[in-house]
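The values are calculated or read from the model by the stated rules, or taken from the named source; none is laboratory data. All of these numbers come straight from a predicted model, not from anything done at the bench. No Cβ is skipped: glycine too gets one built from the backbone with ideal geometry, and neighbour counts run over all protein chains shown. Only protein heavy atoms, including side chains, enter the accessible area calculation; ligands, DNA and RNA are left aside. Shrake-Rupley method; radii C 1.70, N 1.55, O 1.52, S 1.80 Å.
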Amino acid sequence: MSAILEKAVETTPQEAPKTIDGFHLLIDALKLNDIDTIFGLPGIPITDLTRMAQAEGIRVISFRHEQHAGNAAAAAGYLTQKPGICLTVSAPGFLNGLTALANATTNCFPMILISGSSEREIVDLQQGDYEEMDQLAIAKPLCKAAFRVLHAEDIGVGIARAIRSALSGRPGGVYLDLPAKLFAQTMEAAAGRKSLIRVVDPAPRQIPAPDAVKRALDLLKGAKKPLILLGKGAAYAQADAEIRSLVEKTGIPYLPMSMAKGLLPDNHGQSASAARSYVLAEADVVMLVGARLNWLLSHGKGKTWGGGSSKTSGGQQFIQIDISPTEADSNVPIAAPLVGDIGSCVSALLAGMGDGWAKAPTDWTTGVYERRDKNVAKMAETLTKNPSPMNFHSALNVIRNAIKARPDAIVVNEGANTLDFARSIVDMYEPRKRLDVGTWGIMGIGMGFAVAAAVTTGKPVIAIEGDSAFGFSGMECETICRYNLPVCVIVFNNNGVYKGTDVNAGGGKDVAPTVFVKDARYEMLMQAFGGVGVRATTPAELAKALDEAVASGRPTLINAIIDETAGTESGRITSLNPSAAKKK
Ligand code: ADP
Ligand code: TPW
């Protein structure tokens, strides 16, 4: 019997059966499945659960708002391939966590949102219980699966189903509804123990069909201008060696989506990142590895892909490796879908290629690398400039150098311009070291992701934050200080959303909707909780503060003062903002 069951067992009269309660069954079910951390926020009815979980050796990271606990759980799931757990109270706490659950599902990150809920009898008759809400019904359309457990003897099954749903096939978010009454229920201890399930092989390998492998290889063999596109699904899959072999064996240029940066180092000889527009428009066969043809890839159509208009295709043929069989043809026809887990699919391709596989044609690759090198040289020139005040480039150059020196550090990145520029300027050298706004382009992931990255890896975390983006989760600086996490937040302070120079079109006394308080002292937020705060106005000051933060591991916030005229509206997605696009 585990120590925690032992403690939970009551041994009143000698012959009375030993019992265990719902709290401890839940804790034991999680521990049985190697879940060692819970991200959450206490309150009725789960406060005791957080206390007991901590007492039983589970690390409980307590946040100031559930959305950030949920984001932390999602990032932990992405980094570890174990579902991240977020624990909230009912109704409002549940709703606060729900954005993170939906975002995790959209990003294909495995997480489980566990919320306490009110009494079923009262909720179903709508009699007005404390924090009454039909949470299961609300969660269902926003996640991959949703379950409710009503009886203590079903806790083991509930946890097992939640874990399998989060991890198997395309990963995603799962909601688990636990009514308050469940926690106090007791059952006979031995039977309780037996009811728990250790999930065997929760993300089974999915081997691709041989004919699908052959179809993909045939298409690739005939390609004159092949391209490999790596997405965050490829990073999640942890098939790093296989993917590297595929790229190097075929000699095909590759393009990483933002969170796939570092899967191969950004300075790899076959990286086509700095020739992105050229390769997307020119390639004839594109192999998608764990990347969807959604808005981030212009839906596989239009000018980006060399098509005439936004609706026409550029004539490329696609091979798509994905675990979800329904992903193919979602935007354009997929000539060779390869359904399976990335490790198995890439291994099958490598096996099918044998030893004599011809490398990509050199007239194509030479052209790609020439363009890339020209663009890299142009960027290097821009990065050496030292304007006053700092701009995005001169500040990001400091972080670029810091990551070169500490490639094991994890970058968290959100904002508009701050995101766009960081994505292209800050090179990554190791897999799964970049966490960002993902598929939705959502603001508010910053501090939650940073906490999760620090807690799950123990590595230094550098959060590169637009000043608007930071505001969504800034209060979690207290959480970062409370757990003394090695997180350095760098706020790119240009006095507003996108930039700080908009004016009130009506001439009234209110500032424009995108403008913030000028010269806000963000660094004082970290100081308020005992961390380090620095205001940096030059690259030298920024570099000094960042070096000290990484070396010391102390919670730090650097308020990097950026030229308030420097940003453009919506960064580089201006085209999706109707009036800004018209103005262009
Ligand atoms: P990006 O935004 O980086 O382009 P997406 O989130 O659009 O990436 O795509 C990720 C894709 O990876 C999803 O379609 C998902 O089904 C797929 N995926 C996730 N994990 C695996 C895996 N282990 N094996 C195969 N495909 C996976
Ligand atoms: C949940 C809309 C996209 S980018 C952004 C907002 C508000 C902030 C941009 O300003 P910031 O960055 O952070 O100062 P920068 O570098 O341009 O100066 N609400 C949510 N998600 C999104 N995406 C928005 C609003 C948005």
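Details
- Against the rule of thumb 2.2 N^0.38 Å, how large the Cα Rg of the range 359-497 comes out: 1.16
- 0 to 90° range, to nearest 10: angle between helix 446-457 axis and the chain longest Cα axis: 70
- Gyration tensor (alpha-carbon) shape descriptor, the chain, a/c threshold 1.5: oblate
- Counting Lys and Arg as +1 and Asp and Glu as -1 over every other residue whose Cβ lies under 15 Å from the Cβ of LEU485, the net charge comes to +3.
- Packing rank of 77-85, 269-277, where each peptide gets the mean count of other beta carbons within 10 Å, highest leading: 77-85, 269-277
- Packing rank of 100-106, 320-326, where each peptide gets the mean count of other beta carbons within 10 Å, highest leading: 100-106, 320-326
- Each Lys or Arg adds one and each Asp or Glu takes one away; over the other residues whose Cβ falls under 11 Å from the Cβ of ASN107, this sums to +2.
- Rounded to whole Å, sorted largest first: equivalent-ellipsoid semi-axes of the range 289-437, Cα gyration tensor: 33, 20, 19
- Per principal axis, descending, Cα span of the range 124-279 in whole Å: 66, 36, 30
- Rounded, prolate or oblate (a/c below 1.5 giving rounded, otherwise prolate when a/b exceeds b/c) for the range 86-165 by Cα gyration tensor: oblate
- Alpha-carbon Debye profile of the range 102-146, log10 I(q)/I(0) at 0.20 Å⁻¹: -0.68
- Surface composition of the chain: carbon and sulfur atoms hold 54% of the protein heavy-atom accessible area at a 1.4 Å probe.
- Given +1 at the Cβ of Lys and Arg, -1 at the Cβ of Asp and Glu and no other charges, the dipole of the range 177-230 around its Cα centre is 320 debye to the nearest 20.
- Spatial separation of Cα centroids for the range 383-413 and the range 429-474, in angstrom: 16
- For the chain, the longest principal axis of the C-alpha atoms and the axis of helix 210-221 are separated by about 20°.
- Degrees, to the nearest 10: 155-167 long Cα axis against longest axis of the chain: 0
- The range 67-191 - charge dipole about Cα centre, Lys and Arg +1 at Cβ, Asp and Glu -1, debye rounded to 20: 740
- Computed with a 1.4 Å probe over protein heavy atoms only, the accessible surface of the chain comes to 40 Å² per residue.
- Judged by the mean number of other Cβ atoms found within 10 Å, the most tightly packed of the peptides 299-309, 204-214, 18-28 leads the ranking 18-28, 299-309, 204-214.
- Each 10 Å bin, from zero up to the one with the longest distance, holds this percent of the alpha carbon pairs of the range 435-584: 11, 38, 33, 15, 4, 0.
- Shape category assigned to the range 195-290 from the gyration tensor of Cα positions, a/c cut at 1.5: oblate
- Within straight-line reach of LYS18, meaning a Cα separation under 20 Å, sit the following aspartates and glutamates at least 8 residues removed in sequence or on another chain: GLU6, GLU10, ASP28, GLU56, GLU153, ASP154, GLU188.
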